[in-house]
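Undergrad: So that we are looking at the same thing, I have put the structure below in structure tokens.
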Amino acid sequence: MPTSSASATDAAKTAPSGGVQSLERAFDLLERMADAGGEVGLSELSASSGLPLPTIHRLMRTLVDCGYVRQQPNRRYALGPRLIRLGESASRLLGTWARPYLARLVEETGETANMALLDGDEIVYVAQVPSKHSMRMFTEVGRRVLPHSTGVGKALLAHTPPDEVRALLARTGMPAATEKTITTPEGFLDALEEVRRAGYAVDDNEQEIGVRCLAVSVPNSPTAAAVSISGPAGRVTDAATEKIVPILQEVAQDLSAALANPSAQG
């Protein structure tokens, strides 16, 4: 009975933050698994987290029992299918949180504002607030597009290592949506270099003729996210771009701060 009592005490141990230590450790392990590509061995987790193997084994067994982790035939551990439901719900909630910031973009730029995430090899739009102009752009929430022809795709991939970008493009292909679409890996990597230099991305008639889009990534977002405005090329001119980009960057920073501290919103 002493062992059982000790383990119950250990499970309820308070972390320095005031939370439950075992919960903090479990979520830290899930984050480390995601960073490692979704599958790891116990020794790798021990090395990266600094936790002893018995502690990691106990936490992983609990996560396996709950369905958030599964053990592969090769004895390594992979993120489990139960996380998919949480991820889908969180993505929808992320879009809900973003709407006031997108509304501010519409108010200050006059153009339709979007939020998009990188989901696997694709871009998925999770929120939109339309422009008040009679001529405006609509992107259906939930729509999926390939990254190479979008401003948000460029913003999201700008700091990804070139080898990873090439591998993604090899998997998706680079079909031309218009005659202005970038269709070579070298051309796309050059475009990403320009995003890093300028601090924002442009889709100049590359997804749809007559439409320009400006996009920036959301710094330190819990999942790769970008915000953008899109409008007719006749309105989103170079002169308009100079005024819109600082607003985009400021809204992205404010959204980043809100996502880091959701309890402070409202």
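Undergrad: Hey, among G151, G120, G110, which residue is crowded, with 22+ Cβ neighbours inside 10 Å and of a type in the set (G, A, S)?
TA: Answer to the check: G151.
Undergrad: Same structure again: Just to check your reading of the model, which residue among P232, P219 is in the same structural domain as A176 (by TED's automatic domain parsing) and in contact with a His (Cβ under 9 Å, 6 or more places away or on another chain)?
TA: Details: P219 fails: in contact with a His (Cβ under 9 Å, 6 or more places away or on another chain).
On inspection, the qualifying residue turns out to be P232.
Undergrad: I would also like to ask the following. Search region 22-42 for residues that are under 14 Å from R58 (Cα atoms) and modelled with pLDDT of 85 or more and pair each with any residue that is surrounded by fewer than 18 Cβ atoms within 10 Å (Cβ to Cβ) and among the acidic types (D, E) when their beta-carbon atoms are under 9 Å apart and the residues are at least 6 apart or on different chains.
TA: Taking only residues 6 or more apart or on different chains, not a single pair turns up.
Undergrad: Say whether the condition of being touching a Leu at 6+ places or on another chain (Cβ under 9 Å), surrounded by 19 or more Cβ atoms within 10 Å (Cβ to Cβ) and of a type in the set (A, V, I, L, M, F, W, C) is met by at least one residue in region 132-143.
TA: So far as region 132-143 goes, no, none of its residues is touching a Leu at 6+ places or on another chain (Cβ under 9 Å), surrounded by 19 or more Cβ atoms within 10 Å (Cβ to Cβ) and of a type in the set (A, V, I, L, M, F, W, C).
Undergrad: Within region 147-168, identify whether any single residue is within 23 Å of P130 (Cα to Cα), touching a residue at least 40 places away in the same chain (Cβ under 8 Å), in a strand (DSSP E or B) and under 22 Å from the mean Cα position of the chain (by Cα), and answer yes or no.
TA: So far as region 147-168 goes, no, none of its residues is within 23 Å of P130 (Cα to Cα), touching a residue at least 40 places away in the same chain (Cβ under 8 Å), in a strand (DSSP E or B) and under 22 Å from the mean Cα position of the chain (by Cα).
Undergrad: Can I ask one more? For region 50-58, state whether one or more residues are assigned to a loop (DSSP other than H, G, I, E, B), under 23 Å from the mean Cα position of the chain (by Cα) and surrounded by 14 or more Cβ atoms within 10 Å (Cβ to Cβ).
TA: No, region 50-58 contains no residue that is assigned to a loop (DSSP other than H, G, I, E, B), under 23 Å from the mean Cα position of the chain (by Cα) and surrounded by 14 or more Cβ atoms within 10 Å (Cβ to Cβ).
The values are calculated or read from the model by the stated rules, or taken from the named source; none is laboratory data. Keep in mind that this is a model prediction, so the values were computed, not measured. For neighbour counting, all protein chains shown are included, and Cβ atoms are generated from backbone atoms with ideal geometry for every residue, glycine included.
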